[in-house]
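One structure is given below, encoded as structure tokens.
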Amino acid sequence: MIFSKGSRRKASGSFSSLQQWLLFLVGAVGVFLLFPTRVRADAAAFDLPGPRIEVKVTRSGKTLPISQLPNLQAGDRIWLHPVVPVGQSVHYLMVSAFLRGSTNPPPDQWFTRAETWNSKVMKEGIYVTVPDQAEQALVFLAPETGGDFATVRSAVRNKPGAFVRASQDLDQAALDRSRLDAYLAGIHEASDMDAKTLKDRSLLLARSLKIKIDNDCFDKPVQEQATCLTQKTDQLVLDDGHSQSMVDALTSGPASDLVGNLSNAKLAGGGEYSPYVGAVVDLAKMMASFHNPQYQYIPALGLPKTDELDLKLNNVPSFHKPMSVLVVALPAVEAAQLPPLRPVEPKRVSCLQQSSLVLPVDGAPLVFSTQYAHDVVLHVENKAGLAIDLPVKADPGRGGFVVDTKPLHAEKVMGEVPGTIRGQWGFDSFTGPAFQLQFSRPVKWTLASADSTALIVGRDDSIHLQSDEAPCVEQVTIKDGKGKQLKATWKLMETDEVEISVPLKGETSGPVLLLVSQSGQSKPDEVPLQAYSEAAHLDHFALNAGDRQGTLTGTRLDEVAGLKLDKVEFSPAGLTRTDGKDQLRLAAAATSTAATYFETGESLVAHVTLKDGRVLDLDTTIDAPRPRVTLLSKSIQAGSTPSPIRLGNQDDLPQDGQMSFFLKAEIPATFPRDEKIEVATDDGATAATFSLANGTLFLEDPQTVLVTLQPLKNFGPSVFGQLRYRAVSGTGEYGDWQPLVKLVRIPTLKEVRCPDSADKPCTLMGQDLFLLDSVASDSQFLHSVPVPSSYVDSGLSVPRPNGTLLYIKLRDDPSIVNKAALPVMPEP
């Protein structure tokens, strides 16, 4: 059987969706203990503890532990030291082997044997050197028998492709296992934090380790979020695009026959899992084609911890013939695949003296989940060539490299400087992304020109301070003229600008001192400002002829106490702020003559009185009247489906019914052909527009128009409650809203079933009974039953009706008593 070369270890260490299934099946012991998953008993996970092997590699005189080694190269000197427990009853023969692809059997000299029970091996271990042209490295642990070394060597040489595949799959599985373990550990660490911190930490973990998380978990109660985020481990690890798809490797060439056979086997779950799962569920099955009466081969997942490989098994090893040979993968023999790190925010400027400086990066999950990247620093160099290296640590929970700024010296860095991530990837050096960094210093802040008079007492305002040191702002405090400290909030808007919210409610005008504290500076920068008591500025007073209410536009209109126009006095009725301008509604008393006093085009002077007694004058012109119509009559028709319910309020409109109503034009005196009628719910969420142009209005005469409202057609099935109407002119002027009708939904009532015993309740049968508020046998509701909200049954226990008559209240209008005449049937 020939296997394709498949994917090799990459710096990102990512998996395809198939590899995610593999990770699910070989998941960490902790994952399976903490988060039980429905897995068939014969689809065993790598959760059995196996032996340990100490591994170190020397290259060019430098030695690294296995945990810092992403790849091997020809000429590397590997130290292998089996950790044999005291009293080990079975002697294991350790065989190291190098392979050179699936179609080229390795020579005999590429195999090295070591007796682990030998005192010298137990004390000193053995050394092997990676030969030229080698591509994979394996270690076998075989129980001692006669001819054991020759048997293992023969098996590998006869079918090298199977062992190439085993090396690659185990290698990749260990990489993604490290990402999943790092994610689960991070979630566990954050599980006791508050909901916002847990969410922020989870999103950063997912970005750093390229993990897919379920955002719906954040909608659950906080105590359930951590558990939700660690479920479905088979779907968490994503392919980040730097590793060859395992699906392609499995489904290309003769290996696809193996996939086809295993996907339908009981071992693969019989369709319960992905069709490719069978090919990787039990790697030993793939090796079974060449086992002999003496040996069978089972894979061992090597999890590096400092200088040890901690082996995990998914099959119980056998010490009876055929005895189990453990197959352990070492890193692939290949050129180093350096981590493709990239900054998350390329234009961001970070403050070097920030107490917990984090440089956000992504693109290489293995930087966060393994120790392959080591001796990593932030190299900072100023324009004069003075440089310093600051230690950094990759922290997936914080989304990047955490910088240790303790070695920082002010004399070497000043102002804005570049910084570059540098480090070692195994034996190879690498250069990561560059960052723009700022070193804080005392500075004179500049107030944005538009904010020179922005601080107005009596309300909260915002100002903008500008300086190159903005990224280093750590705290902003404010003191008034009496030294009283005010609580302020701030945020970085641009790399050179900070926005500060200044609370001035209840304060008096006068000098204000801003204290801007920077990271690394012992004294804050002082920014003297002035708070003003701004008088109202009047722009325009809009009043339509015939109205009792107008709108005053300007600034600082909260100081306005009232307005007088000729002999009519207006009082404040609501202040809003739009596009930097105040808008104050001013209303005349209901008993005033304002509605008939002013004429279109009339020019007057409005006298605006402020709360401090000052009076400001404003030229005002009366605008044309807004459209107005009045309701003449209305007629409500029931729906097409007969209902036994007789509504007790003539202003209730069944949702499936129809309403026709006549409106008479008042302003103007005749109904313009471009005028429209708008009907909407009280909250304005749903509206329908009727016009002559679209055929939904019908003129009876020049002053009177007929409107036909069909709620289901005009609004849909989920609209209910009070409806209102208004006229809209062709130029977009809106008339006042006026009440029209209440829209109610009607349940379907079929019959009442009563038992023979008169003292027992009956059952009301129907559909949508949740639309009922309550049901009674009398109009005073002395004998009634309430209907629970969200009631879904088709039968409701009710009092025995008075003959065939029940009294009901609808949920959409519970103040009205309605009658329902229903057939009364004996209870079956």
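Observations on the structure shown:
- The residues in region 450-503 that are touching a residue at least 60 places away in the same chain (Cβ under 8 Å), more than 30 Å from GLN436 (Cα to Cα) and assigned to a loop (DSSP other than H, G, I, E, B) can be counted, and the count is 5.
- Candidate set from region 182-203 (those that are open to solvent by 50 Å² or more (accessible area, probe 1.4 Å) and part of a helix (DSSP H, G or I)); member that is nearest to LEU303 (Cα to Cα): ALA185
- Look at (1) farther than 20 Å from THR621 by Cβ; (2) of a type outside the set (A, V, I, L, M, F, W, C); (3) assigned to a strand (DSSP E or B) and you find that LYS564 fails only one, number (1).
A quick yes/no check of all residues on (1) within 30 Å of ASP617 (Cβ to Cβ); (2) open to solvent by 60 Å² or more (accessible area, probe 1.4 Å); (3) of a type in the set (Ser, Thr, Tyr):
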residue: PRO503; (1), (2), (3): no, no, no
residue: VAL516; (1), (2), (3): no, no, no
residue: SER522; (1), (2), (3): no, yes, yes
residue: ASP525; (1), (2), (3): no, no, no
residue: GLN530; (1), (2), (3): yes, yes, no
residue: GLY546; (1), (2), (3): yes, no, no
residue: ARG556; (1), (2), (3): yes, no, no
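- Taken together, ASP736, ASP759 contain a single residue that is over 30 Å from ALA624 (Cα atoms) and in a loop (DSSP other than H, G, I, E, B), which is ASP759.
Conditions (1) in a loop (DSSP other than H, G, I, E, B); (2) open to solvent by less than 40 Å² (accessible area, probe 1.4 Å); (3) in contact (Cβ under 8 Å) with a residue 24 or more places away in the chain; (4) more than 24 Å from ASP736 (Cβ to Cβ), marked per residue:
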residue: GLY639; (1), (2), (3), (4): yes, yes, yes, yes
residue: GLN650; (1), (2), (3), (4): yes, no, no, no
residue: ASP656; (1), (2), (3), (4): yes, no, yes, yes
residue: PHE662; (1), (2), (3), (4): no, no, yes, no
residue: ALA665; (1), (2), (3), (4): no, yes, yes, no
residue: THR670; (1), (2), (3), (4): yes, no, yes, no
residue: ALA688; (1), (2), (3), (4): no, yes, yes, no
residue: ASN694; (1), (2), (3), (4): yes, no, no, no
residue: PHE698; (1), (2), (3), (4): no, no, no, no
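- The strands (runs of 3 or more DSSP E) found wholly in region 359-444 and carrying at least 3 residues that are open to solvent by less than 20 Å² (accessible area, probe 1.4 Å) occupy 373-381, 400-403, 415-425, 428-439.
- Out of TRP79, TRP117, sole residue that is open to solvent by less than 60 Å² (accessible area, probe 1.4 Å), touching an Asp or Glu at 6+ places or on another chain (Cβ under 9 Å) and over 20 Å from ALA162 (Cβ atoms): TRP79
- In region 779-787, the condition of being out of contact with any strand residue (DSSP E or B) (no Cβ under 8 Å at 6 or more places or on another chain) and either of a type in the set (A, V, I, L, M, F, W, C) or in a loop (DSSP other than H, G, I, E, B) (or both) is met by at least one residue.
- The requirement of being touching a Phe, Trp or Tyr at 6+ places or on another chain (Cβ under 6 Å) and of a type in the set (Ser, Thr, Tyr) is satisfied by THR696.
- If you filter region 625-637 down to residues that are buried (at least 16 other Cβ atoms within 10 Å of the Cβ) and not basic (Lys, Arg), you find that the one that is nearest to THR551 (Cα to Cα) is PRO625.
- The selection criterion, being open to solvent by less than 60 Å² (accessible area, probe 1.4 Å), out of contact with any His (no Cβ under 6 Å at 6 or more places or on another chain) and either part of a strand (DSSP E or B) or closer than 19 Å to TRP79 by Cβ (or both), holds for PRO331.
- Per-region count, region 54-109, residues among the basic types (Lys, Arg), over 18 Å from GLN337 (Cα atoms) and assigned to a strand (DSSP E or B): 3
- Which listed residue, of ALA727, ALA680, is among the aliphatic types (A, V, I, L, M) and either in contact with a Ser or Thr (Cβ under 9 Å, 6 or more places away or on another chain) or part of a loop (DSSP other than H, G, I, E, B) (or both): ALA680
- Residue list for region 292-315, restricted to those being free of Cβ contacts under 8 Å to residues at least 40 places away in the same chain and either open to solvent by less than 10 Å² (accessible area, probe 1.4 Å) or part of a strand (DSSP E or B) (or both): GLN296, ILE298
The values are calculated or read from the model by the stated rules, or taken from the named source; none is laboratory data. All values reported here derive from a predicted model rather than from experimental measurement. When we count neighbours, we look across all protein chains shown, and the Cβ atoms used for this are built from the backbone with ideal geometry, even at glycine. Just the protein is used for accessible areas: all its heavy atoms, side chains included, with ligands, DNA and RNA removed. Shrake-Rupley method; radii C 1.70, N 1.55, O 1.52, S 1.80 Å.
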